[in-house]
Amino acid sequence: MDQSTEDYVVGLPGRYALSLFELAQEEDEKDFVEKIDQELLTVGDIINSNNDLSALIKSPIFSSTEQLSLMTDILKKIGVSPMINNFIGVLCENRRLSLLPNVIRAFHAHLLVINKKATAKLITAKPISDKQKGQIEKILSDHFDLEVDINVEVNEEILGGLIVQMGSKMIDSSLLTRLKSIKNVMNEA
């Protein structure tokens, strides 16, 4: 996931995620919240990688019973905990299964905030070295007072420079953006 902090812990998905988070915290098992987070991320990856499943959870055409049946089969195959099974059952019964991807992001974001961690997306024109990645992670960690992990994406279209996106915050110092700014100024003159 490349979004962080409070961006997802709002609205209805945020309330569902917070409820699940509080339930997970009540369990006596050590690292249970992290286990639930990993299971949710696995479910999210399955949804993101399967267009038919993604369409099914978003479509109002399918009844809650049909959605629950399919999700139960999938959850059984990947072996999630009963808490996840029950939680997704509640989403199906309440006709809120379409919120599941946002609930997963909200749960993960809440866990990151609790652990003082965040993820950022770094877009560069060319691949960067591990040393450069580490330096950027340190700068962001110091600035935001969080442990920041960076996901690097190469996009040659930005020509040079870099774009850093962390949650709703974005720093765009790409050459493409600078050239567009110059073009706009010249068009106004």
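Read-outs throughout are calculated quantities, based only on the coordinates presented, and are distinct from any laboratory measurement. Because the structure is a prediction, the values reported are computed rather than measured. Please note: Cβ atoms are built from the backbone with ideal geometry, for glycine as well, and neighbour counts cover all protein chains shown.
Pairs from the table (LYS35/LYS76; LYS126/LYS169; LYS138/LYS169; LYS35/LYS116) lying more than 20 angstrom apart at Cα are LYS126/LYS169.
Helix-only estimate, please: 222 nm mean residue ellipticity of the chain, summing -39500 (n - 2.57) across DSSP H runs of length 4 or more and dividing by its residues, to the nearest 500. Provide the component values of the computation, followed by the final result.
Details: 8 runs with 113 residues, N = 189.
My calculation for the chain gives -19500 deg cm²/dmol from helical runs alone.
For the chain, the longest principal axis of the C-alpha atoms and the axis of helix 100-114 are separated by about 70°.
Computed 3J(HN,Hα) for segment 43-52, one whole-Hz value per residue from the Karplus formula 6.51 cos²θ - 1.76 cosθ + 1.60 where θ = phi - 60°, is 4, x, 5, 5, 5, 5, 8, 10, 4, 5, glycine and proline marked x.
Within a straight-line Cα-Cα reach of under 17 Å, LYS133 can be paired with the following lysines, leaving aside sequence neighbours fewer than 8 residues apart in one chain: LYS117, LYS121.
With contacts taken as Cα pairs under 8 Å at a separation of at least 6 residues, segment 7-112 carries a relative contact order of 49 percent.
Couplings 3J(HN,Hα) for segment 65-73, derived from phi with the Karplus relation 6.51 cos²θ - 1.76 cosθ + 1.60 (θ = phi - 60°), are 5, 5, 4, 4, 4, 5, 5, 4, 4 Hz, where x marks Gly and Pro.
Quick check on the exposure proxy: order PHE87, PHE62 from fewest to most C-beta atoms within 10 angstrom.
On the way: PHE87 23, PHE62 17.
Ascending number of Cβ neighbours within 10 Å: PHE62, PHE87.
Applying 1/(1 + (r/R0)^6) with R0 = 25 Å to the Cβ-Cβ distance of SER49 and ARG95 gives a FRET efficiency near 0.55. Distance between the pseudo-spin-label points of LYS180 and SER19 (7 Å out from Cα toward the beta carbon): 4.0 nm. Between SER168, SER141, SER129, the residue with the greatest mean-square fluctuation in the GNM of the chain (Cα pairs under 10 Å linked by springs) is SER129. At PHE32 and LYS169, where each label point lies 7 Å from the Cα along Cα→Cβ, what is the point-to-point distance in nanometres? Once both label points are built, they end up 3.4 nm from each other.
Please report the relative contact order for segment 117-188, taking Cα pairs under 8 Å with a sequence separation of at least 6, and give it as a percent rounded to a whole number.
Numbers: 104 pairs, mean separation 26.7, N = 72.
Relative contact order of segment 117-188: 37 percent.
Helix 175-188 and the longest principal axis of the Cα set of the chain meet at an angle near 60°. By the count of neighbouring beta-carbon atoms within 10 Å, fewest first, SER98, SER173 end up ordered SER173, SER98.
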